[in-house]
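> Take a look at the following structure, please.
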Amino acid sequence: MEDANGSSHTASSLSDTFLIALLNQKMYDHKAIEERERIYGLKLYKNLFALVIRIDNRQNTNDRLYYLKRIYQNFFNRQTVIIYNGQLVILLDTITAEIQNEREMASFENLLEENDCTAGISKIFYHLYDFCEHYKQAHNALNLGDQLKKPGRIRNYDELIIPHMILSFRGETNIKNLIHPVVKALKDLDDKKGSNFLETLVAYINHNQDTTLTAKSLHVHYNTLKYRINRIIELTELDLSDSETLFNIQLSVKVNEILACL
């Protein structure tokens, strides 16, 4: 892609109009989109991400938006930064499947902090005609991060897909109904007795039922872990070979985490 300072103002304005048209879903034809991409010189790498940057706790004026637009254009070395619905939207293309490396992400988070901004990041995608859908993911990541009281300035939709799915059920049912009976029973027992059965079970499942790794992660003796697992099976008649049950237990833990934030 061309250097952020190498394109003319006119080309930049045309590409902005093009990206806004995609977000407004005014362009559907794949060939027409590819042709516009060629005309405007958008030589994109194959991996794409949508970012939405929100200004927090400061007056959201046009002057500030245009100032921040230049800041993030320079940071990412991209012209594909637009102002849309009072926020900044970035189409970011990358060579690798990672949006940035660890050092670059730390620098990005510092820049967000300096400018009192929060960013939502979509899942990876590969075609411009999917830009609108992934913009929605990035926008949802911001809202989900607020609901779940996520720390930090970056909210990645990849990490919020399951909470998004769970929260989408709130209009249909009480999400407490999604909690598996084993999780309910162990949580009630832990609350009553001060035990750690639920934490132990979740760690055991997360470590693929490897007793050595689980004991190390929980900082308990191997025999202590074995006793707890055997006791859990005795109390709940849990079948640890049933993959569907194990998935439902992990899902139930996510529901409990969400309920704790609401």
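The values are calculated or read from the model by the stated rules, or taken from the named source; none is laboratory data. These numbers were taken from a predicted model, which means no experiment stands behind them. When we count neighbours, we look across all protein chains shown, and the Cβ atoms used for this are built from the backbone with ideal geometry, even at glycine. The area values use the complete protein model at the heavy-atom level, side chains included, leaving out ligands, DNA and RNA. Shrake-Rupley method; radii C 1.70, N 1.55, O 1.52, S 1.80 Å.
> Would you list which lysines come within 21 Å of residue 184, measuring only between C-alpha atoms, while excluding same-chain residues fewer than 8 positions from it?
Output for residue 184: 176, 192, 193, 254.
> Ok, one more. Give me the dipole magnitude in Debye, nearest 20, for the stretch 136-262 about the Cα centre, with unit charges on the beta carbon: positive for Lys and Arg, negative for Asp and Glu.
480
> Taking 37 °C and 0.692 mPa s as the conditions, I'd like the Stokes-Einstein D for the stretch 136-262 in µm²/s, using the Kirkwood hydrodynamic radius from alpha carbon pairs.
Translational D for this selection: 205 µm²/s.
> Return one whole number: the accessible area per residue of the stretch 132-262 in Å², for a 1.4 Å probe.
59
> Same structure, new question: Quote the relative contact order of the stretch 1-156 in percent (integer), defining contacts as alpha-carbon pairs under 8 Å separated by 6+ residues.
About 30 percent, as a whole number.
> Placing +1 at every Lys and Arg Cβ and -1 at every Asp and Glu Cβ, with all other atoms neutral, what dipole size does the stretch 70-195 have around its Cα centre, in debye to the nearest 20?
With Lys and Arg at +1 and Asp and Glu at -1, about 460 debye.
> Roll a 1.4 Å probe over the protein chains and send me the accessible area per residue for the stretch 14-80 in Å².
Per-residue accessible area for the stretch 14-80 comes out at 59 Å².
> Right, next: Counting only the heavy atoms of the protein chains, how much of residue 165 is accessible to a 1.4 Å probe, in Å² to the nearest 10?
Here the residue's solvent-accessible area equals roughly 110 Å².
> Say each of residue 149 and residue 244 gets a label point 7 Å from the Cα, pointing the same way as Cα to Cβ; how far apart are those two points in nm?
3.6
> Mean projection of the alpha-carbon convex hull of the stretch 126-186 over all orientations, in nm²?
The orientation-averaged projected area of the Cα hull of the stretch 126-186 comes to 6.1 nm².
> Still on this model: I'd like to know which of 161, 145, 222 lies farthest towards the positive end of the charge dipole of the stretch 106-240, counting +1 on Cβ of Lys and Arg and -1 on Cβ of Asp and Glu.
222
> For the stretch 217-262, which chymotrypsin sites (Phe, Trp or Tyr not before Pro) pass both filters: DSSP loop (anything but H, G, I, E, B) and at most 11 other C-beta atoms within 10 Å?
Sparse-neighbourhood loop chymotrypsin sites (Phe, Trp or Tyr not before Pro): none present.
> Further, regarding this structure: Using the Cα atoms of the chain to build a convex hull, what is its mean projected area in square nanometres?
Value for the chain: 17.7 nm².
> Which of these, 82, 232, 55, has the largest mean-square fluctuation under a Gaussian network model of the chain (Cα springs below 10 Å)?
Largest GNM mean-square fluctuation: 232.
> A follow-up question, please. Please return the longest stretch of the chain lacking exposed loop sites, where GluC sites (Glu not before Pro) count only if DSSP places them in a loop and at most 16 other Cβ atoms lie within 10 Å.
3-97
> I would also like to ask the following. Carbon and sulfur together cover what percent of the accessible area of the chain at a 1.4 Å probe radius?
Ligands and nucleic acids excluded, carbon and sulfur give 47 percent.
> Continuing with the same structure: Under 18 Å Cα to Cα from residue 26, which lysines show up? Leave out anything in the same chain fewer than 8 places away.
136
> Any idea what the relative contact order of the chain is, in percent, if you count C-alpha pairs under 8 Å spaced at least 6 apart?
Relative contact order of the chain: 17 percent.
> Could I ask something else about it? With a ≥ b ≥ c taken as the square roots of the eigenvalues of the C-alpha gyration tensor of the stretch 80-219, please select rounded if a/c is under 1.5 and otherwise prolate if a/b is larger than b/c or oblate if it is not?
The shape class here is prolate.
> Between residue 77 and residue 106, what is the spin-label point distance in nm, taking each point 7 Å from the Cα along the Cα→C-beta axis?
Going from the residue 77 label point to the residue 106 one covers 2.0 nm.
> Now for a different question. Can you pull out the trypsin sites (Lys or Arg not before Pro) in the stretch 51-110 whose DSSP state is coil and whose Cβ has at most 13 other Cβ atoms within 10 Å?
Sparse-neighbourhood loop trypsin sites (Lys or Arg not before Pro): 58.
> Whole-Hz Karplus ³J(HN,Hα) for the stretch 168-175, in order, using 6.51 cos²θ - 1.76 cosθ + 1.60 and θ = phi - 60°, x for Gly and Pro?
With coefficients 6.51, -1.76 and 1.60, one gets 5, 7, 4, x, 9, 7, 6, 5 Hz.
> Would you mind telling me which residue in 110, 230, 74 has the biggest mean-square fluctuation in a Gaussian network model of the chain, where springs connect alpha carbons within a distance under 10 angstrom?
It is 230.
> Show the residues, 5+ positions off or on another chain, whose built amide H is closer than 5 Å to the amide H of residue 117.
56
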